[in-house]
Structure formats: structure tokens, C-alpha cells
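Heads up, the thing below is written out as C-alpha cells.
The values are calculated or read from the model by the stated rules, or taken from the named source; none is laboratory data. What you see is a predicted model, and the numbers here were worked out from it, not measured in a lab. Surface areas here come from the heavy atoms of the whole protein model, side chains and all, with no ligands, DNA or RNA. Shrake-Rupley method; radii C 1.70, N 1.55, O 1.52, S 1.80 Å.
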Amino acid sequence: MISREADMELEAPRISLQQGLAKRLLDVSLAAFGMIFLLPVFLLVAVSIKLDDPKGKVFFQQTRVGKNGKTFKMYKFRSMVSNADQILNHILHLNEIDGAMFKIKDDPRITRVGRFIRRTSLDELPQFINVLKGDMSLVGPRPPLPREVETYTTYERQRLQVIPGCTGLWQVSGRNNIDFKAMVELDLKYINQRSIWFDIKLIFRTISVMFRTKDAY
């Protein structure tokens, strides 16, 4: 296991040009196919969100931190009430996960439809757009919020050495039942072992996990 020291920084092992091109080809082809194949699901979710909470938008954009600290807009289906950001400051003390993340199981900001699409990970589908744009990969560390990165140690910033992903070891290993420190270790394990075959394996594991909703909220 990688040594866990706050001031330690390791350089991510490089992958070959061929592996990089293969990963990008996999990302683009599967993201494009997913958007076309799941178009009816996109439409159904969009209509459900508007019927449940007509005031808000269907899509939610949020600034996230990607490779080497570069920020980008990440897309999701909106799962919270339209004034969720204003409510956040009043419930930060309820955080149930240690470290630089905020998660509570019964988040009062989540709508009825939002709770369902979160548990089934349908809220993540618009991130196919981020994959096609090159902001994200299908597999990689989850992109953190800027306020989370501000609290990172040098060791934890190693998560930012690669392009972030829609899924990864954290999502298939327990998701919200895993604390921040364990998530960092899983991300660094992925970074050090990443390959096209490892990505394919994690994609298949993700599809399986999507049908087990107990770890998602």
C-alpha cells in the first residue's frame, strides 16, 4: 500500500501513447453510444424532473477540479431543489463523511425524483458530455469541488494527476460507505495500476453496482 503521509507526493506512473489513445477511443465510443442508446431514458428523466419541481432546470452545472487542478463545468441531471446551494451552508454541520467531502443520507435538498435518480446513478448520465469534451474519462478519480481541493494535503492532491472519471474504484467498492481517506487510497491505487483492461473491468463492475442501490444517496 502507498505510504500515507500528508507531505508526501508521488509522480503518477506514465502510460504509453498507445494506451492513452486506446483509453480516449474507448471513452468517446462508449459515451457516444451511451447517449444514443439511452436517449429515451434521458427524455424520461428530464420530464420527471420538471414535473416534480417545475421551477428548476433539468440539468445542473457545477464547477469541478480536473487534471492538474484545471477547473471545468460538470453536468448532471438536477436532483436537488433549485436553491440547494443557499441551503448548504445551513447543513454543513450534518456531514456524515470525514474529510474533504460533504454527504448526508437524508439530505433535505434532494427532491423525490432526485432521490431515485441518485440511487440508480441516472443523475450521472449527462457526464457523457464531459467525456466527449475531454474534461472527464469514463474511469478515473471523481472530480472534487474547488472548496474540497483547498483542504487537500500534498498527498491527497495526487488524485488530480490524471483526468477524472465518471466511475472508478471508489464507486464499485462501497461508494458512500467509504470515507474520504479510503477513497484517496483507492484513487491512488487506480492511478498506479491503470490500463485499458482495468478500465473495461471497472466499467462492467459499475454496470453491476448500478442495480444495487443501497450504497448510493
Near Lys23, which lysines are there with a Cα under 21 Å away, not counting those fewer than 8 places off in the same chain?
Lys67, Lys70, Lys133, Lys189, Lys201
Placed amide H near Ser137: partners under 5 Å, 5+ positions off or other chain
Gly165, Cys166
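How many Å² of accessible area per residue for the range 17-211, probe 1.4 Å?
52 Å²
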Computed ³J(HN,Hα) along the range 127-143: with the Karplus parameters 6.51/-1.76/1.60, θ = phi - 60°, integer Hz and x for glycine or proline, the list is 5, 4, 5, 4, 5, 5, 6, x, 5, 9, 10, 5, 10, x, x, 5, x
The range 136-204: C-alpha pair distances exceeding 17 Å, %
36 percent
In a Debye calculation with equal point scatterers on the alpha-carbon sites of the range 17-211 and no solvent, what is log10 I(q)/I(0) at q = 0.10, 0.13, 0.16, 0.17 Å⁻¹?
-0.41, -0.71, -1.12, -1.27
